[in-house]
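Asks: Take a look at the following structure, please.
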Amino acid sequence: MTPTEYEYLRKFLKDNSGLDLSADKQYLIESRLLPLARKAGLSGIPELVQKLQSGSRALITDVVEAMTTNETFFFRDKVPFDHFRDTIVPEIIKARAGRRSVRIWCAAGSTGQEPYSLAMCLKEMGAALTGWRVEIIATDLSQEVLEKAKAGIYSQFEVQRGLPIQMLVKYFKQTGETWQINPELRAMIQHRQLNLLHDFAQLGTFDVIFCRNVLIYFDQETKINIFNRLARQIEPDGFLVLGAAETVVGLTDTFRPIPDRRGLYKPNDPRAAAAKPALAGVAPRMAVMAGR
Ligand SMILES: C[S@@+](CC[C@H](N)C(=O)[O-])C[C@H]1O[C@@H](n2cnc3c(N)ncnc32)[C@H](O)[C@@H]1O
C-alpha cells in the first residue's frame, strides 16, 4: 500500500465512520482489509482503493464494517451496571412516577450484550417497575452486529464473559452449543442501524444514554460534536454513561461528571434540552414490564 493509498483510506474511514487512525496503522488496515479484498476477488489493497474511489456502495459498507471494533461482553466493566441499578433507575423511578415510562438508548450496542445486560438489570428490579413502559433502543453503525444482536444467540465463550451463571440459567435457553436470550428480553429492545456521525434527532429524547467504548475511536472535534448533539436528546435530569476511557471533561460543558459515580454524567443546561427538535416519525414500541 502506498502512502497515498493509506491517506485515502484514513480519510475515507474518518468521513464514513469517524474512525481516526494515526499515521502508523498500516498494519491494522492490511490485517482487516486484505481478507476482504481477497473475498471480493480483488488482487489487494490498491485495487480495493480503486474500487472505493469508483464509488462501489456495497464495498464502502464492507470496508467500514471491517474496520469497526465490535468487542463487547455482558456487564462490561460491572460498575456502570451497578450505577444503573443503584443510582440511575431509582432516581428515574422517583422522577417519572407520574408517567411511569422510561426511554433508554444504547448508542453503540454492538452484538447486543450491553442492551441485554440493561434489560436483565431492569427485569431483576421486578416489582419496582411493574406496569412501567420501558423502551430500550440499541443502535450501531454495523448491520452485521445488529443482526447478531437481534437474534440474541451467543456462544458458550460469549456467555462465560461477564454473565453471572444465575442470569444465564434464568434468561437464556441452550440449543446445542449456543445460548439464546429469552423472547421477553428480546422484545424489550429495538435494534436500529445508526451512524453517530449522522443526525439522530429523530430518535427523540431519552432518560438514559449509554454511549460506551465508541468515542475513543474518534478525534476531539467529532467527540465534541457528538456530545453536543447527545445533550439535545437527553432529558434535563437524564444520565449519560460513558466508557472507562472516555470523558466529557476538557471537551464540552454540555455534561458534567457526577461525583463518586465514575462514568456517569448529567446534562448541564436544561434549556438546551428544552430547545431540542420535537420527536418526529418514530412510533415507539415499548415493553410493558410485567410482574414476576
Ligand atoms: C467496542 S464496541 C462497544 C460496544 C459496547 N458499547 C460496549 O461498550 O461493550 C464499539 C461499537 O461501536 C460501533 N461504531 C463504530 N463507529 C460507529 C459510528 N460512527 N456510529 C455508530 N456506531 C459505531 C461499532 O460497530 C461497534 O459495534
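No lab work stands behind these numbers, since they all come straight from the coordinates. Here the structure is a predicted model, which means the values were calculated and not measured. Using ideal geometry, Cβ is built from the backbone for each residue, glycine included, and neighbour counts are taken over all protein chains shown.
Asks: Could you give the length gained on full extension between ARG85 and ASP253, defined as 0.36 nm per residue of separation minus the Cα-Cα distance, in nm?
Replies: Gain on stretching ARG85 to ASP253: 57.9 nm.
Asks: Could you tell me how many cubic angstrom of Cα convex hull volume region 1-145 has per residue?
Replies: That works out to 139 Å³ per residue.
Asks: Roughly what would the spin-label model give for LYS25 and LYS11, points 7 Å off Cα along C-beta, in nm?
Replies: 1.7 nm
Asks: Within the set of other residues whose C-beta is less than 14 Å from the C-beta of GLN143, count the net charge using Lys and Arg as +1 and Asp and Glu as -1.
Replies: Net local charge, GLN143 excluded: -1.
Asks: Moving on to the next point. What does the net charge come to around LEU168 if you take all other residues with beta carbon closer than 13 Å to its beta carbon, with K and R at +1 and D and E at -1?
Replies: Net local charge, LEU168 excluded: +2.
Asks: Taking the Cβ of PHE74 as the centre, find all other residues whose Cβ is under 9 Å away and add up their charges (Lys, Arg: +1; Asp, Glu: -1).
Replies: 0
Asks: Determine the dipole magnitude for region 79-275: charges of +1 sit on the beta-carbon of Lys and Arg, -1 on that of Asp and Glu, nothing else is charged, the reference point is the Cα centre, and the result goes in debye to the nearest 20.
Replies: 540 debye
Asks: Report for the chain the percent antiparallel among DSSP-assigned beta bridges with both residues inside it, nearest 5.
Replies: 40 percent
Asks: Let me ask something else. Near LYS123, which lysines are there with a Cα under 23 Å away, not counting those fewer than 8 places off in the same chain?
Replies: By straight Cα distance, LYS123 reaches LYS78, LYS94, LYS148, LYS150, LYS170, LYS173.
Asks: Let me check I have the definition right: for region 79-275, take the eigenvalues of the Cα gyration tensor, multiply each by 5, take square roots. What are those semi-axes in whole Å, largest first?
Replies: Largest first, region 79-275 gives 27, 20, 15 Å.
Asks: What distance in nm separates the two pseudo spin-label positions at ASP260 and VAL169, each 7 Å out from Cα along the beta-carbon direction?
Replies: 3.5 nm
Asks: Right, here's the next one. Compute the distance from the alpha-carbon center of region 89-106 to that of region 156-223, in whole Å.
Replies: Their Cα centres are 19 Å away from one another.
Asks: Ok, one more. Measuring from label point to label point, each 7 Å out along Cα→Cβ, what is the GLN180 to GLN143 span in nm?
Replies: That separation, rounded to one decimal, is 2.3 nm.
Asks: Continuing with the same structure: Got the relative contact order for the chain handy, in percent, Cα pairs under 8 Å and 6 or more residues apart?
Replies: 19 percent
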